[in-house]
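Colleague: Before anything else, here's the structure in question.
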């Protein structure tokens, strides 16, 4: 019984340890997933904001039918922009060229890429300008837009093993866009490509990993404290169980001693000797001494005294009567 109870305590303790471990692992996994999702949400929100700002800038440009900028070595006339008055010269002799939304987006993307922060790329499955041809990831995103998706986001790894957040939003043909694209047979509402925006993921992921490491350490500490508490409880229960088993054994021993003198005893009706289990006849006091912790002191009862010593008995009785008067 003691072994079974001790085994039960161990089984309960092991079950508690397993449950505690599963709970801690589950909570840690959930927190890691939440932190990872927050990182992705933060990056997506930031890139989505840039995309919306680009749309507003492009809309402003398209609303004015393009804007004129000074022709420089970096800003040459767009050979793919086939519109009247693409290039003009002011009265002061300054040469200007018209910059449409696509050209403007491309230049902003070049500036951002030079600063090493973000990469912008305007692209299409059927680009007019060859350099606007999509890469493999952009092709996948553009095909997703044909299914009705409003945006596309992924964490990808570059050839240099660097992780980047990549986002693309679709570009739709609007009324003002027809000034340049109408001749290509498009109509308002058609998808006319998209703008991909990429930014390095290293800093955000490093911050995420640092926090996850902190979470892992905190959960490990909680797990260890829980295990220590369970070990202490197991030890305490084992000690209490041991004490209880000892008490039970003592009670069982005492009960066994009591049972030694119980039952039917063969006793001589004349000399009052008792027959033991081996068939020997023992004096009453000898038998009781062997089967209990009782000890005997010999005396004589009044009946035996009157029978054995009548004269002495009579004198003692008379003396008692005189003392009582």
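Colleague: So if each residue of separation counts as 0.36 nm, and I subtract the Cα-Cα distance between residue 38 and residue 277, what length gain in nm does that give? Don't jump to the answer; show the numbers that get you there.
Modeller: Values: separation 239, 0.36 × 239 = 86.04 nm, distance 8.62 nm.
Taking 0.36 nm per residue and subtracting the Cα distance, the gain is 77.4 nm.
Colleague: If you don't mind, another one. FRET efficiency for residue 303 and residue 247, Cβ-Cβ distance as r, R0 = 41 Å, nearest 0.05?
Modeller: Efficiency, from the Cβ-Cβ distance: 0.35.
Colleague: Sticking with this structure for a sec: Fewest first, what order do 20, 30, 60 take by the number of other Cβ atoms within 10 Å? Please report the intermediate quantities before stating the final value.
Modeller: Details: 20 16, 30 10, 60 13.
Starting with the residue having the fewest Cβ neighbours, the order is 30, 60, 20.
Colleague: Using only C-alpha positions, report the orientation-averaged shadow area of the convex hull of region 266-325, nm², one decimal.
Modeller: 6.0 nm²
Colleague: For the residues 10, 323, 251, what sequence is obtained by ranking on other C-beta atoms within 10 Å, fewest first?
Modeller: 323, 251, 10
Colleague: Would you please classify the overall shape of region 197-238 from the alpha carbon gyration tensor, given that a ≥ b ≥ c denote the square roots of the eigenvalues, rounded means a/c under 1.5, and beyond that prolate means a/b larger than b/c while oblate covers the rest?
Modeller: prolate
Colleague: Sticking with this structure for a sec: Rounded, prolate or oblate, given the Cα gyration tensor of the chain, with a/c below 1.5 counting as rounded?
Modeller: Here the chain falls in the prolate category.
Colleague: In degrees from 0 to 90, rounded to the nearest 10, what is the angle of the helix 136-145 Cα long axis to the longest principal axis of the chain?
Modeller: Once rounded, the angle reads 90 degrees.
Colleague: May I pose another question? Calculate how steeply helix 310-324 sits against the longest principal axis of the alpha-carbon atoms of the chain, using the helix alpha-carbon long axis, and give the answer as 0 to 90 degrees to the nearest 10.
Modeller: Approximately 70 degrees, to the nearest ten.
Colleague: With 10 angstrom as the radius, rank 59, 145 by how many other C-beta atoms surround their C-beta, starting from the fewest. Spell out each step's value before the answer.
Modeller: On the way: 59 14, 145 20.
Neighbour counts put them in this order, fewest first: 59, 145.
Colleague: Starting from the 7 Å offset along Cα-to-Cβ, what nm value, one decimal, do you get for the label separation of residue 70 and residue 163?
Modeller: It works out to 4.5 nm between the two label points.
Colleague: Here's another thing I want to ask about it. Between residue 205 and residue 63, how high is the FRET efficiency from 1/(1 + (r/R0)^6) when r is the Cβ-Cβ distance and R₀ = 41 Å? Nearest 0.05.
Modeller: With R0 = 41 Å, the Cβ-Cβ based efficiency is 0.55.
Colleague: Assuming R0 = 25 Å, can you tell me the calculated FRET efficiency for the pair residue 114 and residue 188, based on Cβ-Cβ distance, to the nearest 0.05? Could the numbers behind the result be given before it?
Modeller: Working: r = 35 Å, r/R0 = 1.40.
In this case the efficiency is close to 0.10.
Colleague: Still on this structure, please answer the following. Could you give the angle, 0 to 90 degrees to the nearest 10, between helix 202-260's Cα long axis and the longest principal axis of the Cα atoms of the chain?
Modeller: Once rounded, one gets 10 degrees.
We did not get these values from a lab; they are worked out from the coordinates using the rules stated. Since the structure is predicted, the reported quantities are computational estimates derived from the model, not experimental observations. With ideal geometry, Cβ positions are generated from the backbone for all residues, glycine too; neighbour counts draw on all protein chains shown.
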